[in-house]
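The values are calculated or read from the model by the stated rules, or taken from the named source; none is laboratory data. For clarity, every value in this text was computed on a predicted model and none was experimentally measured. Glycine gets a Cβ as well: all are built from the backbone with ideal geometry, and neighbour counts include every protein chain shown. Ligands, DNA and RNA are excluded from the accessible area calculation, which covers all protein heavy atoms including side chains. Shrake-Rupley method; radii C 1.70, N 1.55, O 1.52, S 1.80 Å.
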Amino acid sequence: MNDASTPLTRSCILVVDDQRNMRATTALLLRSEGYTVLEAATGEDALTTLSSNRVDLMLTDLKMEPMDGLTLLKKALEVAPRLQVIMMTAFGSIESAVEAMRQGAFDYVTKPFKEGELRYRVERALERAQLQRTVDLLADEFNERHGLSALVGRSAAMRELTSRLMRVAQSDATVLVQGESGTGKELVARAVHAHSRRKDKPFVPVNCAAISETLLESELFGHAKGAFTGAVRARRGLVEEADGGTLFIDEVTETTPAFQSKLLRTLQEGEVRRVGESTSTKVDVRIVAATNRDIELEVREKRFRQDLYYRLNVVTLRVPPLRERLEDVPELAEHFLKRANARSPNPKRLSEAAVGHLTGYSFPGNVRELENLVEQAAALAEGVELLPEDFPLRPNTRVEVSGPVGSPPVPALDLSTRMPTLAEAVEEAERRAIAQALEKHGVDLGRVAEELAVSSTTLWRKMKRLNLRPSGADHRD
């Protein structure tokens, strides 16, 4: 007998039977176990109850009038798809009960049943209902973290990516995700899974570049006991772990031809053979692969199998580098700062100058670099407002800086051939911040100084040193 404090005993059960005595006796037994029990004399009454109550389990008689148990089962699952159903039937109707299980019932019990048998079957059904709620919760959390809402950006490039992603997610087609390091290829793969029919099943990622060549085959395909030194027991590989779900193979071009041959077999035959075994195991896995290399060049150079490339390249999703969608930088920066603030007792905010500072950068490290910059600034900045100087940008690329309208062009600091000194990096950050503030406020240097949080004297001195003038000022010496 269940303890009344356990989650199962707080479950709600609907008993449906057109025989009043049988219905009342069954309900009484279940209430004595601590369950909440509702009753219905007909299929129509049961459907009304289901539409207005959260019911975990329905026990229904098979032979009823005017709506029989099979018809009720079908309609009930339309109203409540996660409902668990146990069919109550006479001994001579077991064949019909089995048919009910084919149509979605969890179990059946024959009349007259013993109390212990009913109790056992009810407990099993409710355990399944509780497990399903847990799976649904995890799926919702996964979708919230990795669904389309996680793909931040409203640029044309991102709109095209998300549109294509949603179309391919509904199928089981193999997907090849291409993009530079740091663009978010795994996030795209997770979004594909989150919006697919497999979203309730596992998403299993593996980075081929992070696993040695000798271990990669065993890691993905598993191994038999004694297959190699140290294999003290048989082990399932990641492909089997992903059965029913999605396997994400990152950096697939880092693999050897021998491994590629086995991966091709898995894709073609839908089966996997563990290292050291002679038999294969059937698997139902969707493959999403990713690479930051030019995979067509890898094929031409004979470093990647052409037949595997064609198998992987059913649908391609190209993740654009951040430099191709700089209009998404402000939204991305706010997104990362919000996440950093959630973990900090001292929340920060982005200044307009800082946003402009970031938007003028080409981000060779892509979205990952922006995320690191924002997290670093949120952790180390002394003020509440994040300023340009809180974001030390990597000087490995030339970024043009436009000065105020009507003023001479602001010379950019070209540090592509050497590492800068700290003073040079600070000067470049100051140059950007002041130029952007002058662009915004023109000759109103008081507003410029206020926005930059410096005194008017300090502002004047820095402008003179950096050869910056406000818009509309006389540029003659």
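Filtered by the rule that a residue be open to solvent by 30 Å² or more (accessible area, probe 1.4 Å) and hydroxyl-bearing (Ser, Thr, Tyr), the range 270-299 gives Ser278, Thr279, Ser280, Thr281. Looking only at residues in the range 102-114 that are out of contact with any helix residue (DSSP H, G or I) (no Cβ under 6 Å at 6 or more places or on another chain) and more than 20 Å from Ala80 (Cα to Cα), which one is most open to solvent (accessible area, probe 1.4 Å)? Result: Lys114.
Does Leu370 satisfy the criteria of being surrounded by 18 or more Cβ atoms within 10 Å (Cβ to Cβ) and either modelled with pLDDT under 90 or farther than 27 Å from Pro205 by Cα (or both)? Considered against the rule, which asks whether it is surrounded by 18 or more Cβ atoms within 10 Å (Cβ to Cβ) and either modelled with pLDDT under 90 or farther than 27 Å from Pro205 by Cα (or both), Leu370 comes out as no.
Pairs linking a residue in the range 24-52 that is under 13 Å from Arg119 (Cβ atoms) to a residue that is hydrophobic (A, V, I, L, M, F, W, C) and open to solvent by 70 Å² or more (accessible area, probe 1.4 Å), with Cβ atoms under 9 Å and 6 or more positions apart or on different chains, are Ser32/Met1; Glu33/Met1; Glu33/Ala4; Gly34/Met1; Gly34/Ala4. Scanning the range 158-172 for residues that are in contact (Cβ under 8 Å) with a residue 40 or more places away in the chain and open to solvent by 60 Å² or more (accessible area, probe 1.4 Å) turns up Arg164, Asp172.
Listed here are the residues, each with its yes/no results for (1) basic (Lys, Arg); (2) assigned to a loop (DSSP other than H, G, I, E, B).
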{"site": "Glu65", "(1), (2)": "no, yes"}
{"site": "Lys75", "(1), (2)": "yes, no"}
{"site": "Glu117", "(1), (2)": "no, no"}
{"site": "Ala125", "(1), (2)": "no, no"}
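Once the range 228-242 is narrowed to residues that are in contact with a Lys or Arg (Cβ under 9 Å, 6 or more places away or on another chain) and at pLDDT below 70, the residue that is nearest to Arg273 (Cα to Cα) is Ala231. Here is a check on your reading of the model: is Asp61 modelled with pLDDT of 90 or more, under 15 Å from Leu118 (Cβ atoms) and either open to solvent by less than 10 Å² (accessible area, probe 1.4 Å) or not hydroxyl-bearing (Ser, Thr, Tyr) (or both)? Judged against the criteria, Asp61 is a match.
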